[in-house]
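J.: First, the structure itself, so that you have it in front of you.
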Number of protein chains: 2
Amino acid sequence: MDRKNLRVNGERLWSRLMELAQIGATPKGGVCRLTLSDEDRLGRELFARWCREAGMTVEVDAMGNMFARRPGRKSGPAVMSGSHLDSQPTGGKFDGALGVLAALEVVDTLNDAGIETEYPIEIVNWTNEEGARFAPAMMSSGVYAGVFKTEDIYATTDHKGCRFGDELERIGYKGDLPVGGRDWKASFELHIEQGPILEAENLPVGVVTGVQGIRWFTVTITGDEVHAGPTPMDKRRDPVRGLHQMLALCYEATAAEGEWARFTVGEINALPGSRNTVPGSVRFTIDLRHPEDAALDRLENAYRAAAEDAARVHNVDIVVDRIWNSPPVAFPEELIASVANAAETCGFKTRRLVSGAGHDSVYVSRVCPTTMIFVTSKDGISHNEAEYSSPEACEAGANVLLHAMLEQAGVAN
Amino acid sequence: MDRKNLRVNGERLWSRLMELAQIGATPKGGVCRLTLSDEDRLGRELFARWCREAGMTVEVDAMGNMFARRPGRKSGPAVMSGSHLDSQPTGGKFDGALGVLAALEVVDTLNDAGIETEYPIEIVNWTNEEGARFAPAMMSSGVYAGVFKTEDIYATTDHKGCRFGDELERIGYKGDLPVGGRDWKASFELHIEQGPILEAENLPVGVVTGVQGIRWFTVTITGDEVHAGPTPMDKRRDPVRGLHQMLALCYEATAAEGEWARFTVGEINALPGSRNTVPGSVRFTIDLRHPEDAALDRLENAYRAAAEDAARVHNVDIVVDRIWNSPPVAFPEELIASVANAAETCGFKTRRLVSGAGHDSVYVSRVCPTTMIFVTSKDGISHNEAEYSSPEACEAGANVLLHAMLEQAGVAN
């Protein structure tokens, strides 16, 4: 058989995606598989079983990152493909899971065709990409790349006060391997687009050239906690007034930066949270994204100015705390070309695009040549139980991944 | 002794206030004694012990309301004084507790002076005045007055899903007495002002002529839950945009109604609550107050119009649900005069004022002649750990309560 005609088994890939999605399944057809939960543990066990059935060895490092390896004719370096199995609290079936299971499908396809590669292949499940339970996101690929320290991450707590390190141990995934230092020649990550562009242009697959920069902030507005009835409005220091004014100014500043700027307030909480008490404080989060660092700087400055305005006008205190900064990333042209070639081999039209979402590949790109492949998402919806990519799109993405990895790994037999 | 010279023991009253405040004491000097919590149970047990030590009988009805009785020469009707022992989550030492313990101090003062009254005296601890854990507020005085049904209230749940009925049983205060129907000729409630008026005019005590009307709303803004990165701003249905616009319009409408209007947003929550997800919905509460029903109607209409505007402009859905309506109350002139006379007997200057806060007396006023006495609050602060009324102010209020009750109860010996 001409190797250019090699294709993955789309039905096997789809059936595994659906089986995995039963773990943490939500009534509305989504998935709640928060990192280090019991559901995360069950998802990991299923993945490990499939890897062993495909003849791979599975190792775990001290952050719970899982490495499944298929040997090559040479001992190293490996061609890697990884993503994540954790989800948002009301997430979908495809975000992360597709990348991990498509890499597994590549291995099974090579096994079925009796192909030995020159270089080994490794599949990675990165712990806590989502950052929904423990912030920040892309946590364990970040530790792998030396951006965060293991001990600091272990001390991170969720909203209930549980420590990351304790929870990792509880689910049995605090592994023995040190974090980092594996020998990789290239890394590919297949992922759903989570945006509307590919669907609008009727393309199954996209070639990703880089990732937007992301900055996370926690904003705390503090006033005076007083009874809702007797205190006249003009004698209050009401943090909710600071909130609405600051939000209005932030949305305005974001719009002024044009179509690539993204401003998201994902969490808002008034404290102590009682109907008949003016809150003592309001806390909210900002997720800011843009492909250019200069624009990120301008927007951050605009948000800080908005905080100062709102604080002055409403006589409250506002603290804007930047807790994370992930600069924009550009992937290397050689790997982008591998993906474009693979899409051509499979006969897919594609386009180049920048990822609006952060991915583990952002950090992996610091330690090895990295790129990504996108699969079209229905209505661009993600981080939502309605998230959907068709069996055809998932299969198309896996085929592009197969040929891009094969070009990098080489064929020995 | 001329009975006009009779005075309470201010030190005993203060020492009991401080002892009670140890139950649920917070690090910042406040109290967290949420209704039907273990702390509420301990507070009730201490109060019951003091009542029995003062020679009173203590009974409990099916809502957990506690009735302590001192007999009179006649068998009835009784002169009642009641308030509540539950608190806000970060509340103060005086809100509610002062009214209950001052009534107890009146009984102890009569005991010390060997005075028998013509009519019996009853002290009531009303269950769940605050409404912080289970909404609405003034819950059990409301059941007593026939405004709510016991079975409906039992089914009410807190944020954790615990049922009111189960929690009442758990703390051992689901009593045998039917709710309502006791024989009372008058009711007085001593309470801290929770506002800045008396302090500004340097008056220890105020004569309360009525209570502002209160309406509670729950507002739910629904959009689409999508990933924070890839979705362009103009393609989102972001409930946070609906939030900031609706809030701005509501504050504006409230200001236009003048100094007596009060608009409070005590709870705000974005759902599902993840930093890198545009929330699918935002839920917040409104507490609206004004002394006139016509103004309340105008404000409610303005808030509903604000919701419609914000929903249309930002392409989200907004539902405004009114969950409680407590109309303005005017107390009877005869009892107001009793309080004014009592203050004169004690040599205090006073003024008349309308309560901005709701109190159990609002519902009690539907079943017996009722009025209230206010004590000055430092900086007008309440529903806050910094809430403070001085020993002198508490003693002054208790003395006015003593003489007002004595005028209604009459002296037999």
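Derivation of every value follows stated rules applied to the coordinates shown; laboratory data play no part. Just so it is clear, the structure is predicted and the values come from calculations on it, not from any experiment. Cβ placement follows ideal geometry from the backbone for every residue including glycine, while neighbour counts extend to all protein chains displayed.
J.: With just the Cα atoms of the stretch B:213-357, tell me how far they stretch along each of the three principal axes, in Å, largest first.
T.: Extents along the principal axes: 73, 27, 22 Å.
J.: Measuring from label point to label point, each 7 Å out along Cα→Cβ, what is the residue B:349 to residue A:386 span in nm?
T.: 6.5 nm
J.: Only four residue types carry charge here, +1 at the Cβ of Lys and Arg and -1 at the Cβ of Asp and Glu. Report the dipole size of the stretch A:107-170 about the Cα centre in Debye, rounded to the nearest 20.
T.: On the way: 5 positive and 13 negative charges, 99 e Å.
Computed charge dipole of the stretch A:107-170: roughly 480 debye.
J.: Here is a further query. What does the structure give for B:289-300 when I average, per residue, the other chain Cβ atoms found within 10 Å of the residue Cβ?
T.: Details: counts 4, 0, 0, 0, 0, 0, 0, 0, 0, 0, 0, 0.
Counting other chains' Cβ atoms within 10 Å and averaging over B:289-300 gives 0.
J.: Defining the label point at 7 Å along Cα→Cβ, can you sort the distances from residue B:220 to the same site in each other copy, shortest first, in nm?
T.: Reported distances to equivalent positions: 3.2 nm.
J.: Next up: Could you calculate, for the protein assembly as shown, the ratio of the Cα radius of gyration to the Kirkwood radius, expressed as Rg to Rh?
T.: Looking at the protein assembly as shown, the ratio lands at 1.11.
J.: Under unit Cβ charges (Lys, Arg +1; Asp, Glu -1), what dipole magnitude, rounded to 20 debye, does the stretch A:213-326 have relative to its Cα centre? The partial results should precede the final answer.
T.: Numbers: 13 positive and 17 negative charges, 76 e Å.
So the dipole magnitude of the stretch A:213-326 works out to roughly 360 debye.
J.: Follow-up question, since we're still on this one. If the limit is 32 Å between Cα atoms, which of A:160/B:93; A:4/A:185; A:185/A:349; B:4/B:28 go over it?
T.: B:4/B:28
J.: In nm, what does the list of distances from residue B:317 to its counterparts in the other copies look like, shortest first, when each label sits 7 Å along Cα to Cβ?
T.: So the distances to the same position in the other copies read 4.1 nm.
J.: What is the set of long-range amide H partners of residue B:186 at a cut-off below 5 Å, with H atoms built 1.01 Å from backbone N?
T.: Amide H neighbours of residue B:186, under 5 Å, 5+ apart: B:80.
J.: Follow-up question, since we're still on this one. Report the Rg/Rh value for the stretch B:225-301, based on alpha-carbon coordinates and the Kirkwood definition of Rh. If you can, show how the numbers build up before the last one.
T.: Details: Rg = 15.9 Å, Rh = 14.3 Å.
Using only Cα positions, Rg/Rh for the stretch B:225-301 is 1.12.
J.: Name the residue farthest towards the positive end of the dipole of the stretch B:213-326 from the options B:318, B:228, B:307, assuming +1 on Cβ of Lys and Arg, -1 on Cβ of Asp and Glu, about the Cα centre.
T.: It is B:228.
J.: Could you compute the FRET efficiency for residue B:155 and residue B:256, with r as their C-beta to C-beta distance and R0 at 56 Å, rounded to 0.05?
T.: Approximately 0.90, to the nearest 0.05.
J.: Can you give me the C-alpha center-to-center distance between the stretch A:170-196 and the stretch A:399-413, rounded to a whole angstrom?
T.: The two parts, judged by their Cα centres, are 19 Å apart.
J.: Turning to a different aspect of this structure: For each of A:403, B:359, count neighbouring Cβ atoms within 10 Å of the residue's Cβ, then give the residues from fewest to most.
T.: A:403, B:359
J.: Let me ask something else about it. Which whole-number percent is the relative contact order of chain B (Cα, under 8 Å, 6+ apart)?
T.: 24 percent.
J.: For the stretch B:152-258, what is the charge dipole size about the Cα centre, in debye to the nearest 20, if Lys and Arg each add +1 at the Cβ and Asp and Glu each add -1 at the Cβ?
T.: Charge dipole of the stretch B:152-258: 320 debye, to the nearest 20.
J.: Against the 2.2 N^0.38 Å scaling, with N counting residues, where does chain B land? I'd like the Cα-based Rg ratio to two decimal places. It would help to have the intermediate numbers written out before the result.
T.: Working: Rg = 22.8 Å, N = 413, 2.2 N^0.38 = 21.7 Å.
Taking N as the residue count of chain B, the ratio is 1.05.
J.: Among DSSP beta bridges lying fully in the protein assembly as shown, give the percent that are antiparallel, nearest 5. Write out the running numbers ahead of the final one.
T.: Details: 95 of 135 bridges.
Approximately 70 percent, going by the DSSP bridge assignments.
J.: Further, regarding this structure: Specify the longest stretch of chain B that does not include any exposed loop site, a site being one of the GluC sites (Glu not before Pro) with a non-H, G, I, E, B DSSP assignment and at most 16 other Cβ atoms within 10 Å.
T.: B:293-413
J.: Which residue fluctuates most in the GNM of chain B (Cα springs below 10 Å): B:247, B:42, B:104?
T.: Fluctuation is largest for B:247.
J.: A follow-up question, please. Tell me the trypsin sites (Lys or Arg not before Pro) within the stretch A:12-64 that lie in a loop according to DSSP and have at most 11 other beta-carbon atoms within 10 Å.
T.: The qualifying sites are A:28.
J.: Sum -39500 (n - 2.57) across every DSSP H segment of at least 4 residues in chain A, then divide by the residue count to get the 222 nm mean residue ellipticity, nearest 500.
T.: -11000 deg cm²/dmol
J.: Still on this model: Which listed residue (B:48, B:30, B:6) has the Cα farthest towards the positive end of the charge dipole for the stretch B:1-80, taking +1 on Lys and Arg C-beta and -1 on Asp and Glu C-beta about the Cα centre?
T.: It is B:6, whose Cα lies furthest towards the positive end.
J.: May I ask you to report, in nm to one decimal and beginning with the shortest, the distances from residue B:235 to the same position in the other copies, taking label points 7 Å along Cα-to-Cβ?
T.: So the distances to the same position in the other copies read 5.2 nm.
J.: Of B:115, B:67, B:99, which is farthest on the positive side of the dipole of the stretch B:1-136, counting Cα position, with +1 on Lys and Arg Cβ, -1 on Asp and Glu Cβ, and the Cα centre as origin?
T.: B:115
J.: As a test, work out the antiparallel percent of DSSP beta bridges whose residues both lie in chain B, rounded to the nearest 5.
T.: In chain B, approximately 70 percent of DSSP beta bridges are antiparallel ones.
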